[in-house]
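Heads up, the thing below is written out as structure tokens.
Since every read-out is calculated from the coordinates, none of them should be taken as a lab result. None of the values given here were measured: they were computed from a predicted structure. All Cβ positions, glycine included, derive from the backbone under ideal geometry; neighbour counts span all protein chains shown.
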Amino acid sequence: MPSENRFILQLGSGVDQHGHNDDCTNAAVKAVKNAISNNCLTGLSEICGLKEPKDLLKMKVHVKIGAPYPDNIDKKKVLKAIPFGEKSIEVVKGGLIAQGIMIKELGDTSDNIIVCNAAVTVSMKTKTLTS
């Protein structure tokens, strides 16, 4: 009987030095990209048999974001940072606000620097081995 098993958990953080209206979306996208940017999921091909690009749609990718303003995230934009798979997202209170500088010419509305964290989990349905 197939069961879903976690394959990898990737962690990252992202910073938006110009947190316009306390929108955490840019920092969250950067956190996801940071989490996945240095990974090559060879096991998906070699162990799970996902040989073709269309096969990668079978993996499940869950994104968990820690953001200082969790309600101020465009979840669809964040999930676009994940190139393949069946995607899901969860946003929780977290991250960090640091005081920077406000540059009106860049569209800043405050001096907030927004930091978000991401945990990206890749899972696959696999057959359980029996002895």
**OP:** Report, in debye and to the nearest 20, how large the dipole of the range 75-118 comes out about its Cα centre when Lys and Arg carry +1 and Asp and Glu carry -1 on their Cβ.
**Re:** 260 debye
Subject >> Calculated mean projected area of the Cα convex hull in nm² (choose from (1) 9.2; (2) 8.1; (3) 15.7), label >> reply: (1)
Subject >> Antiparallel content of DSSP bridges confined to the range 2-126, in %, to 5 >> reply: 75 percent
**OP:** Could you state, as a whole-number percent, how many of the C-alpha pairs of the range 62-131 are farther apart than 21 Å?
**Re:** 45 percent
**OP:** For the chain, calculate the relative contact order in percent as a whole number, restricting contacts to Cα pairs under 8 Å that are 6 or more residues apart.
**Re:** 43 percent
Original post:
Based on Cβ point charges of +1 for Lys and Arg and -1 for Asp and Glu, what charge dipole magnitude is obtained for the range 1-95 about its Cα centre, in debye rounded to the nearest 20?
Top reply: 160 debye
Original post:
Just how far, in whole angstrom, is the range 12-84 from the range 88-127 if you go by their alpha carbon centroids?
Top reply: 11 Å
**OP:** Measure nothing fancy, just the Cα-based angle from helix 25-36's long axis to the longest principal axis of the chain, in degrees from 0 to 90, nearest 10.
**Re:** 40 degrees
Original post:
When Lys and Arg each count +1 and Asp and Glu each count -1, what net charge do the other residues less than 13 Å away from PHE7, Cβ to Cβ, add up to?
Top reply: +2
Subject >> Rounded if a/c under 1.5, otherwise prolate or oblate - the range 20-93, Cα gyration tensor axes >> reply: prolate
